Amino acid sequence: MRIVIIGNGVAGMEAALAIKQREPAAELTIVSEESDHFFSRTALMWVFTGQMSHRDIEPFERDAYTRFGIVRVRARATGIDVPGHRVLLAGGLPALPYDRLLLACGSRPRPAPWPGSALRGVGYFVTLQDLEWMAREVYPTGLADRPPRPDAHLDLSHDDSPYRLRAVAAHQRGQVAKQTAVVGGGLIGIEAVEVLHAAGHKPHFFVREEWFWPMALDAREARYITQRMQAHGVNVHLEHELEAFEGDEQGNLKCVRSDRGSFAVDACVVAIGVIPNTDWLKESAVPLTKEGGILVGPQLATEAADVFAAGDCAAVRWFDGSVKPEQLWYTARDQGRVAARSLLGDSATYARGTFYNSAKLMDIEYTTVGLVNMKLDDEHDWFYEEQGKVHSTLRIVSQGQRVIGFNLLGRRWDHSVLSAFIEQERSLPWVLDNLQQATFDSEFVPRLRIPRNVLAAAKGP
């Protein structure tokens, strides 16, 4: 069997490993435009700050493809000939024939919609190429540990490619960026803020909404994060509607203009979300949603014969009946495994479990589990803010008598324990009595102690 996988992210690699474990003789080819080797995208910020090298964020040894019997093709896929069972490639490379095809092409930065977005000095922070661009804007010599240059045949100058080599304003000006900015209040945005701060900058942070990351945090939680960012010297600008990027005569960024005024900026990261990396499929017979997600069924098969999809590009059914991508590392991993079994003929279906995620927002630990900010019928919050040696917030969301979600800042929590509370349909009083089971703090962190009167109020008469 000839199997082709487009994309060597976590979904593509998990699928490849599962296929080779089950069918070692399968002819398996992975096509990747971005990189030669599978790497952890969530660790790009640690490479930027010098805490890890490029090799450090590669989970497998570089000879793993050879040992597993996987052929790598570094190229840009440009379309699929579904009737002919072929993947079309750029750069004059011959089309790749397949018996089964897995699309694991991930996501790409949502393009900046404002005038001046093509100026040198405006970029993103999602891909390996974005990492190198950003480092070359703010460090005199860029990254000491640079990723391998692409193969000679690979055209990364294509304007539509999220992996193109972006021109650097600092090289045109003859000096590194002095004042940086980030536009967009989400996880990628705060990561960009954090790495720029680590590089010695006090960046502007433009957020269109009333508070930072409203899809995940409420106003109280966002205020906590914003105060910490400001304490680190970040210039947080809430309720700013961006209008344009303005450049100098050489085409380099010199200013960010919002409805509140103009700000001198010579490098700006746009972090307004990601979208499925599926533009190259628009002329192929693979059904897409309006937002660009690849429509799949429970077995992650598309309506195109022998074509499957997994990861950030796949539009799956959510608990509320909507169909859209799940853009999380662990869901991509799980989908890759299911897609592998499905394309090999097993009766495998994908069903998302309890949602969870964890991050570090500046120096604040963040854990979310279950459903929060969903505005469901009969949904209500219990909130407690700890002020003392440890500053933390706890928001526990209930629907009726059962807990359905947790949003927790400032301490470390074991998401598997919290997931079990939700799946067991525990009540708020029971959860509060047993919350210590989920603590994951280090040895010397003071124990969380919620005042008795607060607990009594939560438990009711």
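The values are calculated or read from the model by the stated rules, or taken from the named source; none is laboratory data. Here the structure is a predicted model, which means the values were calculated and not measured. Every residue, glycine as well, gets a Cβ built from its backbone with ideal geometry; the counts of neighbours run over all protein chains shown. Heavy atoms of the whole protein, side chains included, go into the accessibility calculation; ligands, DNA and RNA do not. Shrake-Rupley method; radii C 1.70, N 1.55, O 1.52, S 1.80 Å.
Of all the residues in the stretch 310-344, those that are in a helix (DSSP H, G or I), buried (at least 24 other Cβ atoms within 10 Å of the Cβ) and in contact (Cβ under 8 Å) with a residue 60 or more places away in the chain number 9.
What's the total number of residues in the stretch 317-352 that are basic (Lys, Arg) and under 29 Å from GLU27 (Cα atoms)?
3
Look at (1) at pLDDT below 95; (2) over 24 Å from the mean Cα position of the chain (by Cα); (3) not in a loop (DSSP other than H, G, I, E, B); (4) not β-branched (Val, Ile, Thr) and you find that LYS20 fails only one, number (1). Are there any pairs with C-beta distances below 8 angstrom linking a residue in the stretch 268-286 that is free of Cβ contacts under 8 Å to residues at least 40 places away in the same chain to a residue that is surrounded by fewer than 24 Cβ atoms within 10 Å (Cβ to Cβ), with the two at least 6 apart or on different chains, and if so which? From the stretch 268-286, the pairs are LYS282/LEU288.
Yes/no matrix, rows are residues, columns are (1) in contact with a Leu (Cβ under 7 Å, 6 or more places away or on another chain); (2) in a loop (DSSP other than H, G, I, E, B); (3) modelled with pLDDT under 95:
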residue: PHE245; (1), (2), (3): yes, no, no
residue: CYS268; (1), (2), (3): yes, no, no
residue: ILE275; (1), (2), (3): no, no, no
residue: LYS290; (1), (2), (3): no, yes, yes
residue: ALA305; (1), (2), (3): no, yes, no
residue: PHE308; (1), (2), (3): yes, no, no
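Scanning the stretch 426-461 for residues that are surrounded by fewer than 15 Cβ atoms within 10 Å (Cβ to Cβ), outside any helix (DSSP H, G or I) and of a type in the set (Asp, Glu) yields a total of 1.
When the stretch 170-207 is filtered for residues that are in a loop (DSSP other than H, G, I, E, B) and among the small types (Gly, Ala, Ser), the ones remaining, listed by number, are GLY174, ALA177, GLY184, GLY185, GLY186, ALA199, GLY200.
Taking the condition of being assigned to a loop (DSSP other than H, G, I, E, B) and either free of Cβ contacts under 8 Å to residues at least 60 places away in the same chain or within 13 Å of GLY7 (Cβ to Cβ) (or both), how many residues in the stretch 27-39 meet it?
Residues meeting the conditions: 6.
The set of residues in the stretch 351-361 that are surrounded by fewer than 16 Cβ atoms within 10 Å (Cβ to Cβ), in a loop (DSSP other than H, G, I, E, B) and in contact (Cβ under 8 Å) with a residue 60 or more places away in the chain contains only GLY353.
The residue of the stretch 305-342 that is nearest to PHE355 (Cα to Cα), among those that are touching a Phe, Trp or Tyr at 6+ places or on another chain (Cβ under 7 Å) and small (Gly, Ala, Ser), is ALA339.
With a requirement of 1 or more residues that are among the acidic types (Asp, Glu) and open to solvent by 50 Å² or more (accessible area, probe 1.4 Å), the strands (runs of 3 or more DSSP E) lying completely within the stretch 368-423 that satisfy it span 379-386.
Within the stretch 91-112, is even one residue small (Gly, Ala, Ser), at positive phi and at pLDDT below 95?
Yes, some residue in the stretch 91-112 is small (Gly, Ala, Ser), at positive phi and at pLDDT below 95.
Among the residues of the stretch 31-47, those identified as buried (at least 19 other Cβ atoms within 10 Å of the Cβ) and of a type in the set (Gly, Ala, Ser) are SER32, SER35.
Is it true that some residue in the stretch 397-416 is within 24 Å of THR42 (Cα to Cα), acidic (Asp, Glu) and touching a Phe, Trp or Tyr at 6+ places or on another chain (Cβ under 6 Å)? Taking every residue of the stretch 397-416 in turn, at least one turns out to be within 24 Å of THR42 (Cα to Cα), acidic (Asp, Glu) and touching a Phe, Trp or Tyr at 6+ places or on another chain (Cβ under 6 Å). Contact map, the stretch 222-235: first residue on the phi < 0 side of the Ramachandran plot and assigned to a helix (DSSP H, G or I), second residue of a type in the set (Phe, Trp, Tyr) and at pLDDT 95 or above, Cβ cut-off under 8 Å, separation 6 or more or different chains; pairs are MET229/PHE205.
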